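Asks: First the structure, then my questions, so here it is.
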Amino acid sequence: MRDMLILGGGTAGTIMANKLASALDEHEWRVTVVDGTEGHYYQPGFLFVPFGIYRMRDIVKPRRQYLPGRINFILSGIDRIDVEKKTVQLANGEPLRYDCLIIATGTDIHPEQIEGLADEEWGQSKFDFYTPTGAEKLGQFLKGWQGGKLVVSIAEMPIKCPVAPLEFLFLADEYFTRRGIRDKVDLHLVTPLSGAFTKPTCNRVLGDFLVRKGITVTPDFDIARVDNQEKKIVAWDETEVSYDLLVSVPTNMGDPCIGRSGLGNELNFVPTNKQTLQADGLEDVFVLGDATNLPTSKAGSVAHFQSEILFENIMEHIEGRPATAHFDGHANCFIESGFGKGLLIDFNYETEPLPGEFPLPGIGPFKLLGESRINHYGKMMFRWVYWNLLLRGVKMPMKAEMSMAGKRMQA
Amino acid sequence: MAPMSFAGKTIELDADGNLANRGDWSDDLARELAAQDGIAELTPQHWAVINFMRTVFEKDGDAPSIRRLTKESGVDTKMLYALFPKGPAKRAAKIAGLPKPKGCI
């Protein structure tokens, strides 16, 4: 019996478990998934919780329900990976051996990395919306808030879903408008980037949206600390932004087990071959989803596109052939822009998000890098697609490789 | 971006305004790039950071993030911002003749 070991039962790990469970011979391969928690969260849903659009119970389900019956699921933390001995040591010290390892341990927020952020007032005037607790607490707080200066602060890149902070602000604009207190709320984005987004065309379009919605942007702000007494964030160059309500997107880091194993970079992300998805220098260790250090978005769509490539490469690898399928960095994200509308962006390592139309047989086309109602419905419908098709590894009418069809090149 | 001329040579720049060809880089060009960016003099500490960035790039194919600079170059974050105000990783990469660090997507 050979062992296929998957670390992490989130979006990436669950898709791979489903694909491999149907492809690998049950008498030859045992497929194991290890995760430290029972609940599988639909993470794009966190954004909607603070505004009362989703409740937490709408976006969490038992992990096991999405893993096929033949999967050996182990509920446990992970201490470390030993690539020499080809074993993984669980939190209780028990070793698991592997013939092929898939690291899908994701990323998490680390507010303690910013001086003064996590200690006082965390959960009182300073919140996150990237965790179940954070999103719920922020929702409770917003209900009773009568206005003031709301600052969304991005600590450092990379972050999970780089458009989520913008979507938060667009939805906040709508939320306070509906409550009749938009004129009492000052919305700010404070970012280490030079603009709203990392790529030029998209940056221009989203930057215009922010201006139109009366949202102030402070770019090039590298946060050094939070001054809890004065209620302000302070940058390394001593510039300051004051707040009444701080919505923080803290430093994102890979799982601590990656650091303990000596497999990560300075943020515990695993250096990964950007095409084959093998951990650098390790033929039998594959990495996907948020756990990699790849220069593409940390997003569920990326994990999905990677899973198609990874599946081919793993099948080649276990048959003793070199991995030949190549990931192109493809990402595809709906962006909620508020008031029942949304945008769609589609890009890869080489091609920035461009305007145009995104063809999707039977449903689309969706408008690219422009606002429309159907994009909003696409985003809301996606929760169903996620639970019923995506996680189960069902073939979707979308290619892993990005296509230029419908995209308009910029002058 | 439009090329620059330096010491009688045309130097090609990429879309971010960083050197298109790393082979064009020299200590003198670094001083010129720094001056254009408002850094009048490159002190030994500046050079320590620049050389560290070039070594990492040789090895990994990408310039290091601020976090890695702090952890491994021996220069703390506060000092990095004093040496290269407004984004040390980006500015030091430019002066070191490297492309903008990929870290932020």
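The values are calculated or read from the model by the stated rules, or taken from the named source; none is laboratory data. This one's a predicted model, so the numbers in the text were calculated from it and none came from an experiment. FYI the Cβ positions are ideal-geometry reconstructions off the backbone, even for glycines, and counts take in every protein chain you see. Ligands, DNA and RNA are excluded from the accessible area calculation, which covers all protein heavy atoms including side chains. Shrake-Rupley method; radii C 1.70, N 1.55, O 1.52, S 1.80 Å.
Asks: So in the stretch A:118-133, with the set limited to residues that are closer than 21 Å to A:LEU166 by Cα and touching a residue at least 24 places away in the same chain (Cβ under 8 Å), which one is surrounded by the most Cβ atoms within 10 Å (Cβ to Cβ)?
Replies: Going through the qualifying residues, I end up with A:LYS126.
Asks: Could you list all residues from the stretch A:57-85 that are closer than 20 Å to A:LEU24 by Cα and open to solvent by less than 70 Å² (accessible area, probe 1.4 Å)?
Replies: Selection gives A:TYR66, A:LEU67, A:PRO68, A:ARG70, A:ILE71, A:ASN72, A:PHE73, A:ILE74.
Asks: Report yes if some residue within the stretch A:197-208 is modelled with pLDDT of 95 or more and surrounded by 20 or more Cβ atoms within 10 Å (Cβ to Cβ); otherwise report no.
Replies: No - not one qualifying residue is present in the stretch A:197-208.
Asks: When you scan the stretch A:1-23, how many residues do you find that are part of a loop (DSSP other than H, G, I, E, B) and in contact (Cβ under 8 Å) with a residue 40 or more places away in the chain?
Replies: Counting residues in the stretch A:1-23 that are part of a loop (DSSP other than H, G, I, E, B) and in contact (Cβ under 8 Å) with a residue 40 or more places away in the chain gives 3.
Asks: Could you identify the single residue in A:LEU206, A:LEU263 that is more than 13 Å from every other protein chain (Cβ to nearest Cβ) and farther than 22 Å from B:THR70 by Cβ?
Replies: That would be A:LEU206, the only listed residue that is more than 13 Å from every other protein chain (Cβ to nearest Cβ) and farther than 22 Å from B:THR70 by Cβ.
Asks: Keeping to the stretch A:372-398, report how many residues are part of a loop (DSSP other than H, G, I, E, B) and touching a residue at least 60 places away in the same chain (Cβ under 8 Å).
Replies: Looking only at that region, the number is 5.
Asks: Which residues, taken from the stretch B:1-15, are surrounded by 11 or more Cβ atoms within 10 Å (Cβ to Cβ), not aliphatic (A, V, I, L, M) and not in a strand (DSSP E or B)?
Replies: B:PRO3, B:GLU12, B:ASP14
Asks: Scan the stretch B:79-105 residue by residue and report those that are modelled with pLDDT under 90 and either facing chain A (nearest Cβ under 9 Å) or assigned to a loop (DSSP other than H, G, I, E, B) (or both).
Replies: B:PRO85, B:LYS86, B:GLY87, B:PRO88, B:LYS90, B:LYS100, B:PRO101, B:LYS102, B:GLY103, B:CYS104, B:ILE105
Asks: Hey, among A:TYR54, A:TYR41, which residue is over 23 Å from A:VAL302 (Cα atoms), hydroxyl-bearing (Ser, Thr, Tyr) and buried (at least 17 other Cβ atoms within 10 Å of the Cβ)?
Replies: A:TYR54
Asks: Still on this structure: Before we move on, is A:TYR377 surrounded by 16 or more Cβ atoms within 10 Å (Cβ to Cβ) and closer than 21 Å to A:ASP290 by Cβ?
Replies: No, not satisfied.
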